[in-house]
Amino acid sequence: MKIVFLDASTMGDTPIDPIAALGELTLWPTSTKEEALQRVNDCEVLIVNKVKVDRELIAAAPKLKLICVAATGVNNIDLQEAAGRGIPVRNVSGYSTDSVVQSTFMHMLSLLGNAPYFDDAVKSGRYSGMSIFTDVSKPFIEMKGKKLGIVGLGNIGNKVAAIAKAFGMEVSYYSTSGTSHSKEYPSLPLETIMSESDVISVHAPYNERTAGLIGENELRMMKRAAFIINMGRGGIIEEAALAKVIDEDLIGGAALDVFEKEPLPAESPLLHTSHPEKLRLSPHTAWASVEARKRLMDGIAANIRLGW
């Protein structure tokens, strides 16, 4: 069995033994479209993370019997073309749930707790030169009693809700599918989530219902001290609009792990705001804990065994 992984560098140093044990494995760190077309000629099992598998690439792989996505989303695969050629497409669902949930609270705690400021206060020497034992110039905010509005209450959103509840937060959500399925948390209109929440956390997929869902109008509905976090997909929050309301000091702050274009362009307005202290940005890493990547590798291996 000839297995080709076209963008293996996205897995970092994660051991690939579970997959390597199943056949002749070729790892390519990254692949341009032109390179990919040359690298799949004798491929029987194709693994990709973000490489686009379109009609042209599938046609360039006459021996292809299985496409494995090293992710949950399959929006980079031409599913209709694959189905027409009888090639199954298998993803790995649920592998990163705990990783994303933890990253959500990492950012939330950093925003509400002013973590970078206090860390710098000590390391810069400012604290050493103070006349009192404490620095309360940037007081942090308790989560207890605050309202958390979740946009997209799937598996990840539900876990975020449960942990937020343990912190004493009041949880409500907006259903991006239009179906209010939770009996535990109230389902509210987006306008209410935006205007009444102290923290808004986005955990929705990117589709025709969520593209540009939160634009300037929605951001201007937020409380002056409220925070918004996006751990879902880039493009759900309009980045230019977010940078604008931060420049105007209209919201407490924001945290993003996903962006409209990845990697984030150097000219992005998010990197040139007048209030960078209000932003927490991570390079699409919420999914990628050590444990999550191991689960992903095991899941891919299981998908190959199932499909062979």
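Give me the residue from the range 247-263 that is closer than 21 Å to Ala70 by Cα and open to solvent by less than 40 Å² (accessible area, probe 1.4 Å) and, out of that set, farthest from the chain's Cα centre (by Cα).
Per the criteria, the residue is Phe259.
Test Pro269 against the stated conditions and say whether it is within 25 Å of Thr10 (Cα to Cα), surrounded by 14 or more Cβ atoms within 10 Å (Cβ to Cβ) and of a type outside the set (A, V, I, L, M, F, W, C). When the stated conditions are applied, Pro269 does not pass them. The residue of the range 70-86 that is farthest from the chain's Cα centre (by Cα), among those that are part of a loop (DSSP other than H, G, I, E, B) and under 17 Å from Val51 (Cα atoms), is Asp78. Taken residue by residue, the range 106-114 has no member that is open to solvent by less than 70 Å² (accessible area, probe 1.4 Å), within 30 Å of Met1 (Cβ to Cβ) and in contact with a Pro (Cβ under 8 Å, 6 or more places away or on another chain). Any idea which residue in the range 122-145 is most open to solvent (accessible area, probe 1.4 Å), counting only those that are of a type in the set (A, V, I, L, M, F, W, C) and either part of a loop (DSSP other than H, G, I, E, B) or in contact with a Cys (Cβ under 6 Å, 6 or more places away or on another chain) (or both)? That would be Phe133. Here the range 236-246 is the region considered, the condition is being touching a helix residue (DSSP H, G or I) at 6+ places or on another chain (Cβ under 9 Å) and not in a helix (DSSP H, G or I), and the residue that is least open to solvent (accessible area, probe 1.4 Å) is Ile237.
Residues in the range 146-158 that are in a loop (DSSP other than H, G, I, E, B) and either open to solvent by 40 Å² or more (accessible area, probe 1.4 Å) or of a type in the set (Lys, Arg) (or both): Lys146 only.
Residues in the range 210-219 that are closer than 11 Å to Tyr174 by Cβ and either open to solvent by 10 Å² or more (accessible area, probe 1.4 Å) or not in a loop (DSSP other than H, G, I, E, B) (or both): 3 in all.
Rundown of residues vs (1) touching a His at 6+ places or on another chain (Cβ under 8 Å); (2) in a helix (DSSP H, G or I), yes/no style:
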residue	(1), (2)
Ala255	yes, no
Lys261	no, no
Glu267	no, no
Arg280	yes, no
Ala292	no, yes
Asn303	no, yes
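Just one residue in the set Leu37, Leu64 is surrounded by fewer than 17 Cβ atoms within 10 Å (Cβ to Cβ) and farther than 24 Å from Ala286 by Cα; that residue is Leu37. Checked against the criteria, Ala161 does not count as assigned to a loop (DSSP other than H, G, I, E, B), among the small types (Gly, Ala, Ser) and under 26 Å from Ser282 (Cβ atoms). Among the residues of the range 220-230, those identified as among the aliphatic types (A, V, I, L, M) and either part of a loop (DSSP other than H, G, I, E, B) or farther than 20 Å from Met108 by Cα (or both) are Met221, Met222, Ala225, Ala226.
Residue check: is Arg233 at pLDDT 95 or above, surrounded by 15 or more Cβ atoms within 10 Å (Cβ to Cβ), assigned to a loop (DSSP other than H, G, I, E, B) and touching a Ser or Thr at 6+ places or on another chain (Cβ under 9 Å)? Here the answer is yes, as Arg233 does meet what is asked.
Go through (1) crowded, with 16+ Cβ neighbours inside 10 Å; (2) touching a residue at least 24 places away in the same chain (Cβ under 8 Å) and name the single condition Ser175 misses. Against the list (1) crowded, with 16+ Cβ neighbours inside 10 Å; (2) touching a residue at least 24 places away in the same chain (Cβ under 8 Å), Ser175 comes up short only on (2).
May I ask you to verify whether Tyr117 is in contact with a Leu (Cβ under 6 Å, 6 or more places away or on another chain) and on the phi < 0 side of the Ramachandran plot?
Considered against the rule, which asks whether it is in contact with a Leu (Cβ under 6 Å, 6 or more places away or on another chain) and on the phi < 0 side of the Ramachandran plot, Tyr117 comes out as no.
Look through the range 73-92, keep the residues that are touching a residue at least 40 places away in the same chain (Cβ under 8 Å) and farther than 21 Å from Leu27 by Cβ, and return whichever of them is least open to solvent (accessible area, probe 1.4 Å). Taking the candidates together, the pick is Gly73. When you go through (1) surrounded by 13 or more Cβ atoms within 10 Å (Cβ to Cβ); (2) free of Cβ contacts under 8 Å to residues at least 60 places away in the same chain; (3) within 23 Å of Val92 (Cα to Cα) one by one for Pro29, which number turns out not to apply? All conditions pass for Pro29, except number (1).
The values are calculated or read from the model by the stated rules, or taken from the named source; none is laboratory data. This is a predicted model, so every value here is computed, not measured. Note: ideal-geometry Cβ built from the backbone for every residue, glycine included; neighbour counts use all protein chains shown. Each accessible area value is taken on the protein alone, full model and side chains, heavy atoms only, with ligands, DNA and RNA left out. Shrake-Rupley method; radii C 1.70, N 1.55, O 1.52, S 1.80 Å.
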